[in-house]
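Down below is the structure, laid out as structure tokens.
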Amino acid sequence: MTQYIIQRLCIIGVGLIGGSLARALKKTGAVAEVIGVSRDVSHLERAKSLGVIDNYETEISKAVKGCDMVVLAVPLGAMQSVFEQIAPVISDDMVITDVGSAKASVVKSAQHAFKSIPANLVPGHPIAGTEKSGVEASFPELYENRRVIITPLETSSPLAISKVRNMWQACGAEVVETSIEHHDEVLAATSHLPHMLAYSLVDTLAKMDAKNEIFDFAAGGFRDFTRIASSDPDMWHDICISNKDALVKMIKIFSDDLQLLANAIECNDSVYLKETFSRAKKARDEFCEDKNINDSPE
Ligand code: NAP
């Protein structure tokens, strides 16, 4: 008999992240049944026809009934309302986790909805994704050799933590644990700030009079640097608002450094420029070596 690690999985929000999780768990035979739920029936029909989910419900309280694992894969702005719909039907043998890109805001939403946070809630965040959205963009290999950060609370049950760990490991991911504060600070620096830079750069250029000419001459470097500016604006709106403090702090640090760079260029400060570029090149080369990344320079 097949040993499933999850019997009945409910994915709330069957998009890129939730859909890829369902596909990965089905591919490895780790789950017996996947129930999808979202707002738009046509999206759920599509997910079912693609084999991502086995069945669907449009009411969250119905969908989660009898599930041993519930994953919230909705935008951060929708988390609280989803928790509120789960709260009346939660049971002791139901593990709840999420994939939100900021963690303090998810815990705050859970606090509002549940009043006292359930021991079976284990917040999580897969460090994997693309600039695409929706179930059509989902694929089972998304989490292979990628990290998933879980941020258990003091009250989280060890059994629930190990079930969430096992789920992600079954997708080929490495699971690491950090505090909520550390997660939000690190992600502000490594993911949220780069998205702000990409959006801001493309927007600045798009507003310029010579924008057609600029985009005509743009080459591989521009494409590499700005790919993430094609990400979903609504999702990134929610991430900015949800991780406001850490992100604004990083934007200020970066703005100060950018101003120093501008000053150095204006003053022909070759030493400053070469030192800055060399330090950055060394740091990126080490990062690529460490991660086994081999991207060809323009
Ligand atoms: P997505 O592809 O747009 O999927 C979001 C899904 O949520 C859609 O299927 C949408 O379906 C559903 N949804 C939206 N509002 C809902 C609501 N109020 N109730 C129920 N379902 C709702 O987005 P995603 O990229 O998978 O992102 C989902 C989460 O993953 C976000 O919290 C994000 O922060 C996090 N995350 C994203 C990435 C990334 O690179 N994209 C990486 C790591 C984590 P309907 O329109 O049918 O409702």
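For the reader, a short list of remarks on this structure follows.
- Output for the range 238-276, where each listed residue is of a type in the set (Val, Ile, Thr), without any contact (Cβ under 8 Å) to a residue 40 or more places away in the chain and surrounded by 14 or more Cβ atoms within 10 Å (Cβ to Cβ): Thr276
- Which numbered condition Ala87 misses (of (1) surrounded by fewer than 23 Cβ atoms within 10 Å (Cβ to Cβ); (2) within 11 Å of the ligand (Cβ to nearest atom); (3) assigned to a helix (DSSP H, G or I)): (2)
- So Val186, is it over 30 Å from Tyr4 (Cβ atoms), in contact with a helix residue (DSSP H, G or I) (Cβ under 8 Å, 6 or more places away or on another chain) and among the β-branched types (Val, Ile, Thr): no
- All of Leu44, Leu50, Leu9 fail the test of being farther than 20 Å from Ala113 by Cβ, at pLDDT 95 or above and near the ligand (Cβ under 10 Å from one of its atoms), apart from Leu44.
- Among residues of the range 97-111, those that are in contact (Cβ under 8 Å) with a residue 40 or more places away in the chain and near the ligand (Cβ under 8 Å from one of its atoms), counted: 4
- Looking only at residues of the range 266-298 that are in a helix (DSSP H, G or I) and in contact with a helix residue (DSSP H, G or I) (Cβ under 7 Å, 6 or more places away or on another chain), we find that the one that is farthest from Asn145 (Cα to Cα) is Tyr272.
- Members of the range 185-199 that are more than 13 Å from Ile228 (Cα to Cα), among the hydrophobic types (A, V, I, L, M, F, W, C) and touching a residue at least 60 places away in the same chain (Cβ under 8 Å): Leu187, Ala188, Ala189
- Neighbours by Cβ (under 7 Å, 6+ apart or cross-chain): first from the range 116-143, at positive phi; second within 7 Å of the ligand (Cβ to nearest atom) and among the small types (Gly, Ala, Ser): Gly134/Gly15
- If the condition is being closer than 23 Å to Cys67 by Cβ, in a helix (DSSP H, G or I) and within 15 Å of the ligand (Cβ to nearest atom), then the range 130-163 contributes only Val135.
- Residue that is surrounded by 10 or more Cβ atoms within 10 Å (Cβ to Cβ) and not in a helix (DSSP H, G or I), where the choices are Met208, Met196, Met235: Met208
- Some residue of the range 30-40 being of a type in the set (Ser, Thr, Tyr), over 22 Å from the mean Cα position of the chain (by Cα), within 12 Å of the ligand (Cβ to nearest atom) and at pLDDT 95 or above: no
- Neighbours by Cβ (under 7 Å, 6+ apart or cross-chain): first from the range 150-168, within 13 Å of Leu121 (Cβ to Cβ); second surrounded by 21 or more Cβ atoms within 10 Å (Cβ to Cβ) and of a type in the set (Ser, Thr, Tyr): Val164/Thr97
- Looking across the range 81-96, the residues that are more than 18 Å from the chain's Cα centre (by Cα) and either farther than 19 Å from Met235 by Cβ or modelled with pLDDT under 95 (or both) come down to Glu84, Gln85, Ile86, Ala87, Pro88, Val89, Ile90, Ser91, Asp92, Asp93, Met94, Val95.
- Taking (1) modelled with pLDDT of 95 or more; (2) farther than 27 Å from Gly51 by Cβ in turn, Val99 satisfies each apart from (2).
- Scanning the range 16-55 for residues that are in contact (Cβ under 8 Å) with a residue 40 or more places away in the chain, among the small types (Gly, Ala, Ser) and crowded, with 24+ Cβ neighbours inside 10 Å gives Gly18, Gly19, Ser20, Ala22, Ala24, Ala47.
- The criterion of being more than 22 Å from Asp184 (Cα to Cα), of a type in the set (Val, Ile, Thr), out of contact with any Ser or Thr (no Cβ under 7 Å at 6 or more places or on another chain) and modelled with pLDDT under 95 does not hold for Ile265.
The values are calculated or read from the model by the stated rules, or taken from the named source; none is laboratory data. This one's a predicted model, so the numbers in the text were calculated from it and none came from an experiment. Every residue, glycine as well, gets a Cβ built from its backbone with ideal geometry; the counts of neighbours run over all protein chains shown.
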